[in-house]
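The values are calculated or read from the model by the stated rules, or taken from the named source; none is laboratory data. Fair warning: this is a prediction, and the values are worked out from it, not measured in the lab. We place every Cβ from the backbone using ideal geometry, glycine too, and count neighbours over all the protein chains shown. We work out accessible area using only protein heavy atoms, side chains counted, and drop any ligands, DNA or RNA first. Shrake-Rupley method; radii C 1.70, N 1.55, O 1.52, S 1.80 Å.
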Protein chains: 2
Amino acid sequence: MGASLKDVAALAGVSVKTVSNVVNGYTYVAPHTREKVEQALAELEYRPNLSARNLRRGRTGVIALALPELDAPYFAELSRFVIDAAVERGWTVLIDQTDGLADREREVLQGIREQLIDGLIFSPITVGREELAARTDSTPMVLLGERIMDGPTHHVAIDNQRAAREMTEHLISLGHTRIGAIGAQENPSANTAHLRLAGYRQALEAAGLPYDERLAPPTASYHRADGAAVMRRLLELDEPPQAVFCFNDLLALGALRTALTSGLRVPDDLALAGFDDIEDGRYSTPTLTTISPDKAHIARTAVELLDARISGSGRGGRPAEDDGQREVEADYRLIVRESTVRP
Amino acid sequence: MGASLKDVAALAGVSVKTVSNVVNGYTYVAPHTREKVEQALAELEYRPNLSARNLRRGRTGVIALALPELDAPYFAELSRFVIDAAVERGWTVLIDQTDGLADREREVLQGIREQLIDGLIFSPITVGREELAARTDSTPMVLLGERIMDGPTHHVAIDNQRAAREMTEHLISLGHTRIGAIGAQENPSANTAHLRLAGYRQALEAAGLPYDERLAPPTASYHRADGAAVMRRLLELDEPPQAVFCFNDLLALGALRTALTSGLRVPDDLALAGFDDIEDGRYSTPTLTTISPDKAHIARTAVELLDARISGSGRGGRPAEDDGQREVEADYRLIVRESTVRP
DNA sequence: TGATACGATTACATCGTTGAAACAGCGTTG
DNA sequence: CAACGCTGTTTCAACGATGTAATCGTATCA
């Protein structure tokens, strides 16, 4: 195994602590000694044992990123930014995949890995306000996605409801009056879905259009297959929609596939919009109109907030009662592409 | 912070070691004692300090997954399987994103995180045989992707060359004689690219078709944008190809976009094939003919191999000279979809 | 010259856990 | 009844690093 400080010390003919001092850049080390030690360090290819260091320091340098699915493009893209931002700060990121299962999300909250991580960035799907509030684990946490509680939990999110309203308004502005939505959820804790649905309804109402439940059927999850299946149902309606707003791009891509194989022309016969701006939607034919959250901004901000919380909370102490901004609203843009407007 | 064994021991009125024994399910603990201790454990919400445990045991329970890009769908999908398989074995997975940069890949090999992880699953892009052979870090490693050296490095991969040949044969069997390829790489260490190109050329040769370099221009990387750009160049040729084999699905999706916007019908005017079977290709229009590696199998096997190596190599000892199979060839299937054959 | 200050280094305890080994109690066995 | 074996528990040392305080040598100053 790797050499320890002891080995290096023996080789350099100094004490263990001196080697430690050199490693940690302690000021008062004689140049001569420093050189000797550094030579020994190099010769033995010394690498600090992080377990030991962490045990002593009470920090691990590792943060966890807990999210539903790594293979959903939105999360994959977001993860890359989170990891980039974390690495910049010298952190290592460990991934916790919850599959959106309530049990796993609860485990995350209860701090399965409490002792292994300094902080947690968590993108919940099913757990709700109560469970978040009931959290006992004291590991600093930052939530991704809409704010779900008013407590001291930091979070970073775009204004889902407003974005959804804008998108729906966009569809209305194109002259459509029968506008469907794909992505409603029956689970009352599915916060994001509810917010986007609320934005959709808001826009309809503002335009004096009726809300028709049959045009916004619930989906099991947010994958392409769900979008494809629900789209099929919408097309079977007596009066199918002229436009459909999908609550994420995957649903939209699934819906697009169904529409195209059904012989519809998009956007001529049916306008389609998504949400998330994943790369797929920029290369599909037609390309996808969507809401583009600033993922890099979200990721960077989340990591920064977490950093602040971690630095702020001394070992054993609670986090400072007020450690700066805790609710960050991230930017987003509505991007119009071929799926709603022929260029 | 969390309670330690000491606190629990004090509360339960036993020695620290007895608590440790209870926690670790040691057999010889009197039922009465066990109960007392368990009560104390529950009351204090004890959670073992992993740093300390790892320091003592010499294991961390963490493995690293080093790959180029988390947001490339193939890797995202693969990661999900790797994480699933690792979690099943009680491991936590930490992600190392190399961006395919030689420096970062080298760092991975040199064991930046050596002391934090028990093992490493590595999917290299640029580092070659020499660098892999020169590795000094003794952390058990399993490579993903084609075998790059004959040394003691375990690896899991499909037969890239054979798969590429089969795909090219498929295109030939459709009657195409001018078949392009997208994904060749100039970097001589880009092993996968070379293998797929070799398979492509093999098939051409076997069919008595000439290899035309202009039909297989190099790409900078393997993203949709590269596919789109190279496709544009191919279409500008005096004699554009009738079919194009892209070395991954992203390239194919990019190429598809270019083809469709250029007014070509796929597959009628141009047949397109990819490689990887990412989900996008199952929902694009047309759906994508591709090579489908058994990702779950690859992931599971990699984790199993790693497990064996980790268990096999005692602390401080070298891994056993022969610890079972080390070169695993994973399954794959050629999936014909709409992009090459109209249904 | 002796006190003082400061630079450079070291000894020691400690973080929380676990393996090794010792020990205590008690029933068996020859 | 001594020796033995078994269960149940404890003591001790160690994993590798680092914070604290002590130590040592040397230059500085009154």
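A dipole drawn for chain A from +1 and -1 charges on Cβ atoms has a positive end, and of A:LEU132, A:LEU264, A:SER311 the residue lying farthest that way is A:SER311. With the simple model of a label 7 Å out from the Cα in the direction of the Cβ, A:LEU44 to A:SER15 spans 1.7 nm.
When B:LEU209 is represented by a point 7 angstrom out along its Cα-to-C-beta vector, the spacings to that point in the other copies are 4.8 nm, nearest first. Placing a label point 7 Å from Cα along the Cα-to-Cβ axis, B:GLU329 is separated from the same position in the other copies by 6.0 nm, shortest listed first.
Our Cα-only numbers for region A:14-93 put the radius of gyration and Dmax at 18.4, 55 Å. Along the axis of the charge dipole computed for chain A (Cβ charges of +1 for Lys and Arg, -1 for Asp and Glu, origin at the Cα centre), the listed residues A:ALA66, A:ALA3, A:VAL37 are led at the positive end by A:VAL37. With a bin width of 5 angstrom, please list the P(r) values of region A:78-232 as percents of all Cα-Cα pairs, from the 0 bin to the one holding the largest distance. Bin by bin from 0 Å, the calculated values are 2, 8, 15, 18, 17, 14, 11, 8, 5, 2, 1, 0. Can you classify the protein assembly as shown as rounded, prolate or oblate using the Cα gyration tensor, where a ≥ b ≥ c are the square roots of its eigenvalues, rounded means a/c under 1.5, and otherwise it's prolate if a/b beats b/c and oblate if not? Oblate, since a/c reaches 1.5 and b/c is not below a/b. Does region B:160-293 come out rounded, prolate or oblate by the C-alpha gyration tensor, with a ≥ b ≥ c the root eigenvalues, rounded set by a/c under 1.5 and, if not, prolate when a/b is larger than b/c and oblate if not? Rounded.
Report note on the peptides A:263-273, B:132-142: ranked by the mean count of other C-beta atoms within 10 Å, highest first, their order is A:263-273, B:132-142. Computed from the alpha carbon atoms alone, the convex hull of chain B holds 164 Å³ per residue. With a 10 Å cut-off around each Cβ of B:246-253, the average count of Cβ atoms from other chains is 1.
With label points defined 7 Å past Cα in the direction of Cβ, position A:ARG232 shows copy-to-copy spacings of 3.8 nm, given to one decimal and shortest first. When peptides B:123-129, B:20-26 are ranked by their average number of other Cβ atoms within 10 Å per residue, the highest-first order is B:123-129, B:20-26.
Among residues other than B:GLU186 with Cβ under 14 Å from its Cβ, the summed charge is -2 (Lys and Arg +1, Asp and Glu -1). Seen from B:VAL127, the other residues with C-beta closer than 12 Å to its C-beta sum to a net charge of -1, counting Lys and Arg as +1 and Asp and Glu as -1. Placing a label point 7 Å from the Cα of B:ARG178 along the Cα-to-Cβ line, the residues of region B:249-274 whose backbone N sits under 12 Å from it are B:270.
For the options A:ASP294, A:ASP238, A:ASP249, a Gaussian network treatment of chain A with springs between C-alpha atoms closer than 10 Å singles out A:ASP238 as fluctuating the most. Neighbouring Cβ atoms from other chains, within 10 Å of the Cβ of residues in B:133-143, number 1 on average. Relative to the dominant Cα principal axis of chain B, helix B:249-261 is inclined by about 40°. When the solvent-accessible area of region A:123-221 is split by element, carbon and sulfur atoms take up 47 percent of it, the probe being 1.4 Å. Taking every residue in A:80-88 and counting other chain Cβ atoms within 10 Å of its Cβ, the average works out to 3. Helical runs assigned H by DSSP (4 residues or longer) give the protein assembly as shown a calculated mean residue ellipticity at 222 nm of -13000 deg cm²/dmol, each run adding -39500 (n - 2.57) before division by the residue total.
Computed from Cα positions, the angle between helix B:73-88 and the longest principal axis of chain B comes to roughly 20 degrees.
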